[in-house]
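The block underneath contains the structure these notes are about, expressed in structure tokens.
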Amino acid sequence: MAASGVPRPLVVANWKMNGLRRDGIDRARALAGLARAKGHGPCDIALCPPATLLVELRAALDGSEIALGAQDCHATESGAHTGDLAAPMLADVGCRYVIVGHSERRAGHGETDEAVRSKALAALRAGLVPIVCVGESEAERGRGDGVKVVRGQLDRALPEGVAADALVIAYEPIWAIGTGRTPQAGEIVALHAMIREACAARFSGGTAALRVLYGGSVNARNAAEILALDGVNGALVGGASLDAVGFWTICEAAGRHVAAAPGR
Ligand code: 13P
């Protein structure tokens, strides 16, 4: 927790399926260089590259305080699951975080909320911090069902009885991902408040330490405004995380608001 009693912001780079060794390692080194040059990072930072880069990026990030994360995990520890990666394998190569339930996996791999919950539990068993993604589609929003949809996702996908700082929630409206469009500030504040309230019954010890990230077209230009909003405890960044300097600008924007507003 930051000195103000609110959680320290977390900014997560989700590189998705981008990056070969030659550019991925250079980009991670550039980011680590910025972090080392500025001393302790402005906020908690995590980098989630494609799995092919995890081992080499662990080395590239050494000494930078930037944590490593993965983009998905399987719900079980081992076994006959061709092409999948188990959470203990990710912990084994130095991951601290794992994204679960990203809308691109829900859409592309048919992941249900129940599957997402199993993955979050597997991550917790392996000592990882799951970043559980929720968010409504454009059609659901258009029907005025956004809040109901996200609440349902939380009900089904979140494990119960865990400590609020054991996992992270990312609110990513699907229609905002990669489109350059973002919700109105008031919509983000309302959704984040609803998420925190919906989580209160599920976590042991309250939600003060819970981090709720916003994701969807966050970039170096809009980060300061979004990250200053009530209840926004950081960002999950896709496209704009592929540029080290731009991503660092987003991290700095998050850091500036650490102590600014009690209750965020
Ligand atoms: P963009 O930042 O590219 O919109 O992607 C957001 C996202 O999906 C992060 O997980």
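List of remarks:
- Within region 131-164, being in a helix (DSSP H, G or I) and not hydrophobic (A, V, I, L, M, F, W, C) holds for Glu138, Glu140, Arg141, Gly142, Gly146, Lys148, Arg151, Gly152, Gln153, Asp155, Arg156.
- Residues of region 128-154 satisfying the condition of being of a type in the set (D, E, K, R) and free of Cβ contacts under 8 Å to residues at least 12 places away in the same chain: Glu140, Arg143, Asp145, Lys148
- All positions within region 215-233 that are without any contact (Cβ under 8 Å) to a residue 40 or more places away in the chain and in a loop (DSSP other than H, G, I, E, B): Val218, Asn219, Ala220, Arg221, Ala228
- Lone unmet requirement of (1) in contact with a Cys (Cβ under 8 Å, 6 or more places away or on another chain); (2) open to solvent by less than 10 Å² (accessible area, probe 1.4 Å); (3) more than 15 Å from the ligand (Cβ to nearest atom) for Ile169: (3)
- Odd one out for Ala157, checked against (1) free of Cβ contacts under 8 Å to residues at least 60 places away in the same chain; (2) within 16 Å of the ligand (Cβ to nearest atom); (3) surrounded by fewer than 18 Cβ atoms within 10 Å (Cβ to Cβ): (3)
- Looking across region 172-190 at every residue that is open to solvent by less than 20 Å² (accessible area, probe 1.4 Å) and of a type outside the set (Phe, Trp, Tyr), the one that is farthest from the ligand (Cβ to nearest atom) is identified as Ile188.
- In this entry, Val212 passes the filter for residues that are open to solvent by less than 10 Å² (accessible area, probe 1.4 Å), in contact with a His (Cβ under 6 Å, 6 or more places away or on another chain) and touching a residue at least 12 places away in the same chain (Cβ under 8 Å).
- Scanning region 60-91 for residues that are farther than 16 Å from Pro130 by Cα and either surrounded by 21 or more Cβ atoms within 10 Å (Cβ to Cβ) or at pLDDT below 95 (or both) yields a count of 7.
- Against the numbered list (1) more than 16 Å from Glu252 (Cβ to Cβ); (2) assigned to a loop (DSSP other than H, G, I, E, B); (3) not charged (D, E, K, R), Val98 comes up short only at (2).
- Within region 110-135, the set of residues being among the basic types (Lys, Arg) and in contact with a Cys (Cβ under 8 Å, 6 or more places away or on another chain) comprises just one member, Lys119.
The values are calculated or read from the model by the stated rules, or taken from the named source; none is laboratory data. Model, not experiment: these values are computed from the prediction. Positions of Cβ are generated from backbone atoms using ideal geometry, with glycine treated the same way; all protein chains shown enter the neighbour counts. The accessibility values were calculated without ligands, DNA or RNA, using every heavy atom of the protein model including side chains. Shrake-Rupley method; radii C 1.70, N 1.55, O 1.52, S 1.80 Å.
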